[in-house]
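The values are calculated or read from the model by the stated rules, or taken from the named source; none is laboratory data. On a predicted model such as this, the values are computed, not experimentally measured, just so you know. Cβ: placed from backbone, ideal geometry, glycine included. Neighbour counts: every protein chain shown. For the accessible areas, the whole protein counts, side chains as well, though only heavy atoms, and no ligand, DNA or RNA atoms are used. Shrake-Rupley method; radii C 1.70, N 1.55, O 1.52, S 1.80 Å.
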Amino acid sequence: DFGQVAPAEAREELLSSRARLEQEIGRPVDLFAYPYGGAHQMSPENLEVVRELGFLCSMSCCGGTNTTAADPYRLKRIHLAGYHLTPEEFAFDLARGRA
């Protein structure tokens, strides 16, 4: 929970997790998704750690869409339901405000 841990612990977890992922997939890891991801689970200090470590952006679990002015370290997500069988079905529901 990055809203609870000290920046030093967050940095250690990020560095070790990133190294493991990069070793397993054989590619650089430069995107981040907050564990839990609620607004109260992202402290400003740990958001700065994510930024300092060179991640390009990070996703929260806060629902909604992003504008071009959105903070790339507090990106929102749109929930994708399991009942969308195609991208077109999802787009249709999104356009109708039901996604």
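This table checks each residue for (1) modelled with pLDDT of 90 or more; (2) open to solvent by less than 60 Å² (accessible area, probe 1.4 Å); (3) closer than 30 Å to ALA91 by Cα.
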{"position": "LEU15", "(1), (2), (3)": "yes, no, no"}
{"position": "GLU45", "(1), (2), (3)": "yes, no, no"}
{"position": "GLY54", "(1), (2), (3)": "yes, yes, no"}
{"position": "CYS57", "(1), (2), (3)": "yes, yes, yes"}
Qualifying positions in region 24-82 - charged (D, E, K, R) and either touching a Pro at 6+ places or on another chain (Cβ under 6 Å) or within 23 Å of ASP1 (Cβ to Cβ) (or both): ASP30, GLU45, GLU48, ARG51, GLU52, ASP71, ARG74, LYS76, ARG77
Taking into account only those residues within region 17-41 that are open to solvent by 60 Å² or more (accessible area, probe 1.4 Å) and at positive phi, which is nearest to the chain's Cα centre (by Cα)? TYR36
Taking PHE92 and the conditions (1) in contact with a Phe, Trp or Tyr (Cβ under 9 Å, 6 or more places away or on another chain); (2) open to solvent by 30 Å² or more (accessible area, probe 1.4 Å); (3) assigned to a helix (DSSP H, G or I), which numbered condition does it fall short on, given that it satisfies the others? (1)
Residue tally, condition assigned to a helix (DSSP H, G or I) and either open to solvent by 60 Å² or more (accessible area, probe 1.4 Å) or among the polar types (S, T, N, Q) (or both), over region 1-13: 5
Within the set of pairs 6 or more residues apart or between chains, which connect a residue that is closer than 16 Å to TYR73 by Cβ and part of a helix (DSSP H, G or I) inside region 16-40 to a residue that is modelled with pLDDT of 80 or more and among the aliphatic types (A, V, I, L, M) with Cβ atoms less than 8 Å apart? ARG18/VAL29; ARG18/LEU53
